[in-house]
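J.: I have a structure here, written as structure tokens, and I will follow up with some questions on it.
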Amino acid sequence: MSTLVAQASAQTRASRVLAFVGGFHLWMAFAISTLLIISLAGCALTDIELPGLGPWAIYLLVISAMLLPLPAYWYEKGRADLLDSALTLLWALLVRLIVPILVQGAARLRMPLQDSFFGRADEHLGVSVPAIMAWTAHHWLGSVLNRSYAWVVILLPLAVLLPVLAGRLKYAKEFLVANLISFAIGLPLFALLPAIGPWRYYHFLPTQSQTASCELPLLAMRLTGTYVLSSQEVGVVCFPSFHVVWAILFAAALWGFRWLRIPVALVAAMVILSTMTTGWHYFADVLGGVLLAIISILSAKRLTQPTQTIRRQPSGRRPVGLFLTTLFNRAKSGEQQPGAARGQILSQLSDLPGRQLIIVRYRPDHAVLAPDWVDNDADIDHTKIIWARDMGPAENEELIRYYGARGAWLLEADVIPPKFAPYPSRCDGQLVVAAAQKMGNSAWRKAGTNNAE
């Protein structure tokens with residue numbers, strides 16, 4: 001019997017950890033592990049030598065030692081918001097480390113170069129990259145556009161960091177998933193349809209950067225024999241243009257910041273145009289990048305929507321989904337501010353016998369930066385009142401069963417005024433009467449709440 005109890009306890013702890021981490025991060029852990037396995041298998045199959053595994057191992061150990069204690073600490077403190085942010089940044093870093101290996105493995109397949117195909121495609125479309133370059137060479141706008149080509153190095157970190165720092169993890173997660181999808185589609189296309197660049201078809205003189213960062217590395221990757229893994233992978237993908245993909249993904253990631261929309265759209269457009277004004281890409285590459293970005297964004301939104309719903313309304317088991325208040329306050333959001341109403345509810349429920357559980361329900365359009373009603377002490381299981389976010393009837397019932405001895409309440413926070421009542425499945429007439437007597441109708445209204453009819 002004791003063994004069964006111990007096993008059940010272990011399963012409960014494991015389920016708490018899994019639910020606290022969230023479906024998105026479990027999915028990302030699986031995706032990153034799959035990418036790593038494919039990368040290592042690709043190196044073996046394409047005869048790529050990984051130089052100095054010792055320094056790489058030390059580097060990974062140092063990064064792990066720096067990052068892993070923080071998620072563990074935030075888990076123990078119930079800080080799901082900070083754990084969410086740390087894991088999102090960790091996945092972004094790992095993707096950045098793994099993708100170069102995949103790119104070089106794709107190049108090592110040594111499929112025939114397709115510069116003639118892309119050049120003829122541009123001619124059929126009536127677009128000439130040399131003509132565009134000639135126009136920009138004699139126009140001030142051309143010099144500005146040419147400089148913007150290198151901005152993508154700055155845009156990629158911003159697309160992750162700004163949403164994370166602003167508490168809008170939804171956009172950072174969509175950006176990560178969209179990148180994974182674009183790599184899953186784009187890298188096989190690059191492997192099947194490799195090309196060097198427009199200068200190869202149109203026979204104009206490439207720049208030193210185009211020669212050193214694209215042509216020579218790509219030709220070296222295509223040589224027979226053992227190839228030593230290098231860091232020169234960024235500029236070797238011609239079709240589809242990942243500069244275009246990243247510019248659009250960057251704009252999508254920051255589109256939720258209304259005050260940034262105009263500059264973000266302008267910067268993204270400049271980077272897209274610069275792919276041809278600098279002579280780095282064919283027009284066909286640009287079209288391929290636009291199409292790939294659209295597919296990736298739509299797919300990422302579809303894939304992350306369920307996990308975003310869960311994380312915004314996470315599980316309430318200790319400390320499953322018990323979020324602390326958000327770091328940012330959007331005063332002009334028009335949403336109800338918890339403030340005095342929350343304090344009044346706490347004060348009145350504290351007078352009731354026994355411990356209480358309040359499930360907070362937000363509307364689907366609840367502002368991410370709006371102040372959060374959910375705020376708990378570190379020792380959640382022993383606190384008088386626990387706040388948890390609503391995550392649907394089935395999960396809520398599971399949460400209520402876990403805290404079976406507690407009174408269960410439902411707070412509809414985005415209703416004006418907020419509606420507060422016993423949770424429907426626990427509507428005990430005596431409990432309602434006792435609560436009404438304790439709190440009083442005037443106090444109830446003063447707290448900014450309404451009883452359920």
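J.: Could you rank the peptides 389-397, 179-187 by their average count of other C-beta atoms within 10 Å per residue, with the highest value first?
T.: 179-187, 389-397
J.: List the residues whose amide H sits under 5 Å from the amide H of Leu357, counting only those 5 or more places along or on another chain, with H placed 1.01 Å from N in the peptide plane.
T.: For Leu357, whose amide H was placed from the backbone, the distant partners under 5 Å are Ile386, Gly407, Ala408, Trp409.
J.: Follow-up question, since we're still on this one. Given points 7 Å out from each Cα along the Cα-Cβ axis, report the Arg120 to Asp377 separation in nanometres with one decimal.
T.: Output for this residue pair reads 7.6 nm.
J.: Rounded to the nearest 0.05, what FRET efficiency is calculated for Leu192 and Val153 with R0 set to 25 Å and r the Cβ-Cβ distance?
T.: Numbers: r = 27 Å, r/R0 = 1.09.
After rounding to 0.05, the efficiency reads 0.40.
J.: So if we plug the beta-carbon distance of Ile416 and Leu26 into 1/(1 + (r/R0)^6) with R0 = 35 Å, what FRET efficiency do we get, rounded to 0.05?
T.: Numbers: r = 36 Å, r/R0 = 1.04.
The computed FRET efficiency comes out at 0.45.
J.: Next question. Could you line up Phe257, Phe420, Phe283 from fewest to most neighbouring Cβ atoms inside 10 Å?
T.: Phe257, Phe283, Phe420
Throughout, read-outs are computed from the coordinates displayed, never taken from laboratory work. These numbers come from a predicted model, not from an experiment. Note: ideal-geometry Cβ built from the backbone for every residue, glycine included; neighbour counts use all protein chains shown.
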